[in-house]
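Asker: Below you will find the structure I want to go over with you.
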Amino acid sequence: MAWFKRNKENIQTETPKQDVPDGMWIKCPECSELMHRKQWEANSYLCIKCDHHFRIESSEYFKLINDENTLKEFDKKMKSVDPLHFTDTKPYAKRIDDTIKKTDLHEAKRTATGEINGKDVVIACMDFDFIGGSMGSVVGEKISRAIDKAIKNKCPLIIISSSGGARMMEGAISLMQLAKTSAKLAKLDEEKIPYISLLTNPTTGGASASYAMLGDFNIAEPKALIAFAGPRVVKQATGKELPKGFQKSEFLLEHGFIDFIVNRKDLKQKLSQLLGLIS
């Protein structure tokens, strides 16, 4: 009908539509709360409504816990090679190069010296975005060198884990890193150098079977998945329903596998308190 016919084409509004930049708004996967990125960052990368701990990168952890202008990264350019010439959906060497371009990282582990409320520390932090935070030969070597640095500087070591486990593209070479990092931590213990392990979501597979669970203090973020085999794998293998919250940090705390759970907003303060007690 003529009632619904537009008489004027291209009607202009007084306020033109403005594009919203990608990533400006963050939606919580737990409660669906919508928040501005600046709110999210100011809240230690937590949901402003339900306190959900988003997975974050090493750069965010370094920013959260280190005193300003004290961070000095080392072994930054170390890069994995492809000794087995492994190929799945793409050659491993190409996967490494593509991931470096995508993440602007050279490996799944970054290592640095820094200060927490004036206390010297060596920090090693995983990046899950780099091939699922998997542990290959370079990750094992960087952890080992971080331990050597802590021994040389006689300062505490902090390792922040977020890992899917051993890197299958490196086969047995990857599995050797479990023994290598564990042996290095034994040397750290002999030198009476404290080691704090922070377990974040997820810490699974080879990481949880080696260095991640060997801290003088093993602490975790809320609701982090911490396991060797994840709940889906366990359920498929056993055919049984798993207890509620199985393999979450709260479950592990209840059963004595970790020392305490720390909210990310309190992380720097708690680490500083621990360092004051043990260093």
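The values are calculated or read from the model by the stated rules, or taken from the named source; none is laboratory data. Bear in mind that the values here come from a model prediction, so they are computed numbers and not experimental data. Please note: Cβ atoms are built from the backbone with ideal geometry, for glycine as well, and neighbour counts cover all protein chains shown.
Asker: Which members of segment 29-87 meet the condition of being touching a Ser or Thr at 6+ places or on another chain (Cβ under 7 Å) and of a type in the set (A, V, I, L, M, F, W, C)?
Answerer: Result: LEU64, PHE74.
Asker: Could you check PHE246 against (1) more than 22 Å from the chain's Cα centre (by Cα); (2) at pLDDT below 95 and say which number it fails?
Answerer: Answer for PHE246: the failing condition is (1).
Asker: While we're here: Return the residues of segment 173-210 that are surrounded by 21 or more Cβ atoms within 10 Å (Cβ to Cβ) and of a type in the set (Asp, Glu); say none if nothing qualifies.
Answerer: Hits for segment 173-210: nothing passes.
Asker: Here are the criteria: (1) modelled with pLDDT under 95; (2) outside any helix (DSSP H, G or I); (3) not charged (D, E, K, R). Tell me which single one MET78 does not satisfy.
Answerer: Of everything listed in (1) modelled with pLDDT under 95; (2) outside any helix (DSSP H, G or I); (3) not charged (D, E, K, R), MET78 misses just condition (1).
Asker: Within the set of pairs 6 or more residues apart or between chains, which connect a residue that is assigned by TED's automatic domain parsing to the domain that holds GLY206 inside segment 229-250 to a residue that is among the aromatic types (Phe, Trp, Tyr) with Cβ atoms less than 7 Å apart?
Answerer: PRO231/PHE246; GLY245/PHE251
Asker: Is it the case that some residue within segment 52-73 is out of contact with any strand residue (DSSP E or B) (no Cβ under 9 Å at 6 or more places or on another chain), in contact (Cβ under 8 Å) with a residue 12 or more places away in the chain and among the β-branched types (Val, Ile, Thr)? Give the derivation first.
Answerer: Within segment 52-73, the first condition is being out of contact with any strand residue (DSSP E or B) (no Cβ under 9 Å at 6 or more places or on another chain), and the residues that meet it are 60, 63-64, 68-69.
In the following step, the residues that additionally are in contact (Cβ under 8 Å) with a residue 12 or more places away in the chain were identified as 60, 64.
Add one more test, that the residue is among the β-branched types (Val, Ile, Thr), and what stays is none.
No, the conditions are met nowhere in segment 52-73.
Asker: Only one of ILE147, ILE131, ILE143 is surrounded by 21 or more Cβ atoms within 10 Å (Cβ to Cβ), under 13 Å from the mean Cα position of the chain (by Cα) and either closer than 18 Å to LEU178 by Cβ or without any contact (Cβ under 8 Å) to a residue 24 or more places away in the chain (or both). Can you tell me which?
Answerer: ILE131
Asker: On to the next question. When you go through GLU107, GLU73, GLU60, GLU41 one by one, which is the residue that is in a strand (DSSP E or B) and modelled with pLDDT of 95 or more? First the steps, then the outcome.
Answerer: Working: GLU107 fails: in a strand (DSSP E or B); GLU60 fails: in a strand (DSSP E or B); GLU41 fails: in a strand (DSSP E or B).
So the residue among GLU107, GLU73, GLU60, GLU41 that is in a strand (DSSP E or B) and modelled with pLDDT of 95 or more is GLU73.
Asker: Let me confirm something: among GLY140, GLY132, which residue is touching a strand residue (DSSP E or B) at 6+ places or on another chain (Cβ under 8 Å) and either farther than 20 Å from ALA207 by Cβ or assigned to a helix (DSSP H, G or I) (or both)?
Answerer: From the options GLY140, GLY132, the qualifying one is GLY132.
Asker: I would also like to ask the following. Is at least one residue of segment 104-119 without any contact (Cβ under 8 Å) to a residue 60 or more places away in the chain, under 15 Å from LYS184 (Cβ atoms) and in contact with a helix residue (DSSP H, G or I) (Cβ under 7 Å, 6 or more places away or on another chain)?
Answerer: yes
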